[in-house]
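Undergrad: The structure follows.
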Ligand code: 13P
Ligand code: SF4
């Protein structure tokens with residue numbers, strides 16, 4: 001990596017070998033917020049982003065002068081796919097009285113139409129802040145996260161109807177059964193999950209916040225409702241604790257949990273090696289490119305989030321009381 005002056009920035013959902021390599025080479029393994037901050041602040045001229053496309057695009061938007069490579073440019077996200085920029089623009093135009101807040105899991109073009117970007121770790125504080133200012137919100141694209149934010153803050157939120165194909169699959173009835181089988185287990189839930197799953201959580205938070213909760217809470221067992229890629233870090237950090245995947249299938253199904261993002265899974269050590277070799281040959285096929293004008297417009301709401309998060313320091317995990325969740329308009 002030295003010849004390219006590159007640093008590896010990986011998400012918790014990618015292959016454990018890539019996460020270990022990022023740690024061992026001075027890179028970063030983090031949630032979306034940490035990946036964005038690390039890439040922006042690191043002095044390397046090349047960022048290699050192991051994750052999905054919006055993470056590579058965010059890195060490029062925040063560091064237009066750096067080269068940003070990804071082991072695969074095909075790795076997208078169902079939330080990004082489910083929120084096409086032209087349709088989103090038309091939706092926003094119908095509701096000009098609302099402040100537009102979009103999740104980081106969106107294209108640069110959708111971000112460019114937004115007033116604010118949030119990640120799962122900043123959403124609660126940002127929506128609470130906007131609500132306190134009396135602002136009405138248009139939220140996209142994750143409907144489950146939107147409902148969660150709405151229930152927690154009481155904000156007036158108009159929701160886009162997108163979802164994550166991984167978290168959408170967690171099953172509340174099977175989770176209840178699993179909890180009965182493991183009565184001492186704490187339940188850690190990512191807020192992209194359905195409301196009936198979130199309602200059973202001891203902790204709701206971003207991937208980093210769930211990892212921190214696994215270290216902080218005294219329980220010996222944890223049921224984890226997020227992509228199972230995170231279990232690699234949880235087990236490394238807490239070798240004496242037991243981590244159980246939350247169920248993604250109903251009774252009778254052969255596979256009780258397949259909670260792994262197919263796009264995150266496209267990242268591999270082999271592809272990383274091929275990407276670096278190609279880049280060293282002068283081949284630019286794995287470079288992330290964002291139109292400079294679009295990048296400038298998309299940067300504004302991302303910078304707003306980063307400044308907000310910096311002013312509040314790293315936000316603490318959000319705790320959900322069982323049964324406290326409400327449902328908002330879809
Ligand atoms: P985090 O920001 O919590 O890591 O979430 C990113 C993501 O894509 C979850 O599915
Ligand atoms: Fe997108 Fe879901 Fe994959 Fe995260 S886990 S990148 S939200 S499809």
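Undergrad: Just one of the numbered conditions (1) within 16 Å of ligand 2 (Cβ to nearest atom); (2) within 23 Å of residue 90 (Cα to Cα); (3) in a loop (DSSP other than H, G, I, E, B) is not true of residue 120; which one?
TA: Going through the list (1) within 16 Å of ligand 2 (Cβ to nearest atom); (2) within 23 Å of residue 90 (Cα to Cα); (3) in a loop (DSSP other than H, G, I, E, B), residue 120 breaks only (2).
Undergrad: Can I ask one more? Check region 213-220 and report whether any residue there is in contact (Cβ under 8 Å) with a residue 40 or more places away in the chain, within 16 Å of ligand 2 (Cβ to nearest atom) and either over 21 Å from residue 239 (Cβ atoms) or not in a loop (DSSP other than H, G, I, E, B) (or both).
TA: Filtering region 213-220 down to residues in contact (Cβ under 8 Å) with a residue 40 or more places away in the chain leaves 213.
Pick out the ones that are also within 16 Å of ligand 2 (Cβ to nearest atom) and you get none.
No: zero hits.
Undergrad: May I ask you to say which residue of 162, 154 is more than 14 Å from ligand 1 (Cβ to nearest atom), in contact (Cβ under 8 Å) with a residue 12 or more places away in the chain and in contact with a helix residue (DSSP H, G or I) (Cβ under 7 Å, 6 or more places away or on another chain)?
TA: Values: 162 fails: more than 14 Å from ligand 1 (Cβ to nearest atom).
Of 162, 154, the one residue that is more than 14 Å from ligand 1 (Cβ to nearest atom), in contact (Cβ under 8 Å) with a residue 12 or more places away in the chain and in contact with a helix residue (DSSP H, G or I) (Cβ under 7 Å, 6 or more places away or on another chain) is 154.
Undergrad: When you scan region 102-111, do you find a residue that is part of a strand (DSSP E or B), touching a strand residue (DSSP E or B) at 6+ places or on another chain (Cβ under 8 Å) and crowded, with 19+ Cβ neighbours inside 10 Å, even just one?
TA: Taking region 102-111 as the starting set, the residues that turn out to be part of a strand (DSSP E or B) are 102-103.
Subset that is touching a strand residue (DSSP E or B) at 6+ places or on another chain (Cβ under 8 Å): 102-103.
Now restrict to residues that are crowded, with 19+ Cβ neighbours inside 10 Å: 102-103.
Yes, there is a match, as at least one residue in region 102-111 is part of a strand (DSSP E or B), touching a strand residue (DSSP E or B) at 6+ places or on another chain (Cβ under 8 Å) and crowded, with 19+ Cβ neighbours inside 10 Å.
Undergrad: If I go through region 165-184 residue by residue, how many of them are outside any helix (DSSP H, G or I), touching a helix residue (DSSP H, G or I) at 6+ places or on another chain (Cβ under 6 Å) and crowded, with 16+ Cβ neighbours inside 10 Å? Can you show your working first?
TA: In the first step, residues of region 165-184 are kept if they are outside any helix (DSSP H, G or I); the result is 165-166, 170-171, 182-184.
Still in the list and also touching a helix residue (DSSP H, G or I) at 6+ places or on another chain (Cβ under 6 Å): 165, 170.
Narrowing further to those that are crowded, with 16+ Cβ neighbours inside 10 Å: 170.
Residues meeting the conditions: 1.
Undergrad: Can you report the number of residues in region 11-31 which are more than 13 Å from residue 50 (Cβ to Cβ) and touching a residue at least 12 places away in the same chain (Cβ under 8 Å)?
TA: The initial filter retains those residues of region 11-31 that are more than 13 Å from residue 50 (Cβ to Cβ), namely 24, 26, 31.
Adding the requirement that they be touching a residue at least 12 places away in the same chain (Cβ under 8 Å) leaves 26, 31.
Going through region 11-31 one residue at a time, the tally reaches 2.
Undergrad: Taking the conditions exactly as written (at pLDDT 95 or above, under 21 Å from residue 10 (Cα atoms) and out of contact with any helix residue (DSSP H, G or I) (no Cβ under 8 Å at 6 or more places or on another chain)), does residue 79 satisfy them or not?
TA: yes
Undergrad: Give just the number: which of (1) part of a loop (DSSP other than H, G, I, E, B); (2) over 20 Å from the mean Cα position of the chain (by Cα); (3) over 12 Å from residue 70 (Cβ atoms) does residue 261 not satisfy?
TA: It fails just one condition, (2).
To keep it simple, each residue is scored yes or no on (1) crowded, with 24+ Cβ neighbours inside 10 Å; (2) free of Cβ contacts under 8 Å to residues at least 24 places away in the same chain; (3) within 12 Å of ligand 2 (Cβ to nearest atom).
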| position | (1), (2), (3) |
| --- | --- |
| 41 | no, yes, no |
| 45 | no, no, no |
| 53 | no, no, yes |
| 59 | yes, no, no |
| 63 | no, no, no |
| 66 | no, no, no |
| 73 | no, no, no |
| 77 | yes, no, yes |
| 83 | yes, no, yes |
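Undergrad: Quickly run through region 1-59 and pick out the residues that are within 14 Å of ligand 1 (Cβ to nearest atom), closer than 17 Å to residue 268 by Cβ, part of a loop (DSSP other than H, G, I, E, B) and in contact with a strand residue (DSSP E or B) (Cβ under 8 Å, 6 or more places away or on another chain).
TA: Once the filter is applied, which keeps residues that are within 14 Å of ligand 1 (Cβ to nearest atom), closer than 17 Å to residue 268 by Cβ, part of a loop (DSSP other than H, G, I, E, B) and in contact with a strand residue (DSSP E or B) (Cβ under 8 Å, 6 or more places away or on another chain), region 1-59 yields 12, 14, 51, 52.
The values are calculated or read from the model by the stated rules, or taken from the named source; none is laboratory data. Bear in mind that the values here come from a model prediction, so they are computed numbers and not experimental data. Positions of Cβ are generated from backbone atoms using ideal geometry, with glycine treated the same way; all protein chains shown enter the neighbour counts.
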